[in-house]
Amino acid sequence: MAVDSRAPVLVGVGVAAQRCDDPSRALEPYALMVRALEAAADDAGSRALLRDASSIRVPRGFWAYSDPGRLVAGAVGARRVHSVLAELGVLQQTLLSDACCAIARGDEEVALVTGGEAKYRAVRAKLAGGSASETVQTDVAPDRVLEPAEPFWSEVEASRGLMMPVQFFAVMESALRHEDGLRIEVHRDRVAALWARFSEVAASNPHAWRRTPVTAADIRDASAANPMLAFPYTKQHNSDWNVDQAAGLILCSVAKARALRIPEERWIHPHSGTESNHALPLSARAELHRSPGAAIAGARALAIAGVRIDEVEHFDLYSCFPAAVQVFARELGLPLERSLTVTGGMRFAGGPLNNYVLQATARMAEVLRGDPGSVGLVTCVSGFLNKLGFAVWASKPAPRGFQYADVSDDVAAQARPREIVGEWTGPAVIAGYTVLYSGETPARAIAVCDLSDGRRTVAASDAPELADAMTREEFCGRAVTVGAGGELRLMGLCSS
């Protein structure tokens, strides 16, 4: 089929990683991004792509650079670039779709997208009693900064101690368990088995941070090396951001790829990109186990690409925690027994703070090249399943060209938010919950509760008997009482 000369194509992908125990010898984050982009140019067979780039897009990381794109561009010889920095809370898919749209409009010929972290380096430096040095850059501003509009959590949630990502996703996990009618132990087995399969994929991914398969039992059960963080999640269920990893992606127009004689069998075609930026705190969502944003953005990504879900051979569902994978699979109609990752997921392949989707896209490109004619779907999350992104990629041209849609308004129209109230005393029903630990002991229970008038509140208890019971018995759907200050009470058990 004839391909529009302005159509965007992904022609170069590169990843960089280091595991150096001497932080003085390890590369800092921007240097890892440089290495990744140089690898991407070599993958495409032309470093001219770096020199000819007109833009560079970078998602914010742990580092303090004020304009990392400018640092990286200078190091790779891209002297005339428009630099874009996406702050935390902006979907990484936004950067990829933005680059594809700019190329399709004819505004750009070559676009660079990169991101990276050196958190392992920083941890090693701290263990040695020091800190990892970093290039100081504070007086240079990006040409464009993308910032999120809405907060990801409510004051009521924070006041009850519901603040960390692992806690929010653990609450979602309990709601998923309750919806499926699974006993606690059966559910824990299912989630551990899912993650064990992810670890097996990581073992075959040459770029994965951890390449040794982990058994379901070692994931499921708490131990000194695998503490319970927020029931039912142990450390092995959590994304690992203490990694030194970077990814570099080079997109260009078909005309540029042909001019540089980049072989067409190396091209990966973006068919569609969608996103939902309508953010609701978890406690305000109508159903804790569902995501209208994922359902709508996922369906739209497939529809505008002209692809059915059963025509997608390869998936990478965002994998910060098992609940994210399960919610995406549920909304897309995918069984959990399918292979749902090409990397091995953020626990095993590595979860650099705000860069994983770039790592996953680079790996997806490699997988698609190895399976000519195939289609891949990569999903993206920002916040606690607040914002969702989807991208359809293929090793064959897009019949309709690259298509983009922001479905935020459609999601907002269907979201049906619940009002969250803080000053409530009286009866309630638990919609989702988690238990936090002090060492090996269940210490604090936090529950999102439904009220009879349709509103929600968040309650908590420091009663050890109640916290322990909530790890052994199902409390979702159970009637409770909320006391002054959001105290969670059950007959015979309370924190007073």
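The values are calculated or read from the model by the stated rules, or taken from the named source; none is laboratory data. Every value quoted in this text rests on a predicted model; they were computed, and no experiment measured them. FYI the Cβ positions are ideal-geometry reconstructions off the backbone, even for glycines, and counts take in every protein chain you see.
Numbers below:
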{"quantity": "Flag for Val191 being among the β-branched types (Val, Ile, Thr), assigned to a loop (DSSP other than H, G, I, E, B) and buried (at least 17 other Cβ atoms within 10 Å of the Cβ)", "calculated": "no"}
{"quantity": "Conditions (1) under 30 Å from Leu488 (Cβ atoms); (2) assigned to a loop (DSSP other than H, G, I, E, B); (3) hydrophobic (A, V, I, L, M, F, W, C); number of the one not met by Phe168", "calculated": "(2)"}
{"quantity": "Residue list for the stretch 35-59, filter: of a type outside the set (A, V, I, L, M) and either at positive phi or assigned to a loop (DSSP other than H, G, I, E, B) (or both)", "calculated": "Gly45, Ser46, Arg47, Asp52, Ser54"}
{"quantity": "Residue in the stretch 259-278 that is surrounded by the most Cβ atoms within 10 Å (Cβ to Cβ), counting only those that are in contact (Cβ under 8 Å) with a residue 24 or more places away in the chain and part of a helix (DSSP H, G or I)", "calculated": "Arg266"}
{"quantity": "Only listed residue being touching a residue at least 24 places away in the same chain (Cβ under 8 Å), closer than 21 Å to Arg105 by Cβ and not charged (D, E, K, R), chosen from Val392, Val378", "calculated": "Val392"}
{"quantity": "Residues of the stretch 284-311 that turn out to be more than 20 Å from the chain's Cα centre (by Cα) and either in a helix (DSSP H, G or I) or in contact (Cβ under 8 Å) with a residue 24 or more places away in the chain (or both), as a count", "calculated": "11"}
{"quantity": "Tally of residues being over 30 Å from Val110 (Cβ atoms) and either in contact with a Lys or Arg (Cβ under 8 Å, 6 or more places away or on another chain) or part of a helix (DSSP H, G or I) (or both) across the stretch 205-224", "calculated": "6"}
{"quantity": "Output for the stretch 443-470, where each listed residue is surrounded by fewer than 21 Cβ atoms within 10 Å (Cβ to Cβ), of a type outside the set (A, V, I, L, M) and closer than 18 Å to Met164 by Cβ", "calculated": "Asp462"}
{"quantity": "Subset of the stretch 33-56 [aliphatic (A, V, I, L, M) and over 15 Å from Leu260 (Cα atoms)]", "calculated": "Met33, Val34, Ala36, Leu37, Ala39, Ile56"}
{"quantity": "Residues located in the stretch 135-181, provided they are over 25 Å from Gln92 (Cα atoms) and free of Cβ contacts under 8 Å to residues at least 60 places away in the same chain", "calculated": "Ala158, Asp180, Gly181"}
{"quantity": "Some residue of the stretch 254-273 being touching a Lys or Arg at 6+ places or on another chain (Cβ under 8 Å), over 30 Å from Val421 (Cα atoms) and acidic (Asp, Glu)", "calculated": "yes"}
{"quantity": "Members of the stretch 13-34 found to be in contact with a Leu (Cβ under 7 Å, 6 or more places away or on another chain) and either assigned to a helix (DSSP H, G or I) or surrounded by fewer than 20 Cβ atoms within 10 Å (Cβ to Cβ) (or both), listed by number", "calculated": "Gln18, Tyr30"}
{"quantity": "Hey, Glu173 outside the structural domain of Ala26 (by TED's automatic domain parsing), charged (D, E, K, R) and surrounded by fewer than 13 Cβ atoms within 10 Å (Cβ to Cβ) or not", "calculated": "no"}
{"quantity": "Given (1) part of a loop (DSSP other than H, G, I, E, B); (2) over 12 Å from Leu251 (Cβ atoms); (3) more than 20 Å from the chain's Cα centre (by Cα); (4) not β-branched (Val, Ile, Thr), number of the condition Leu88 does not satisfy", "calculated": "(3)"}
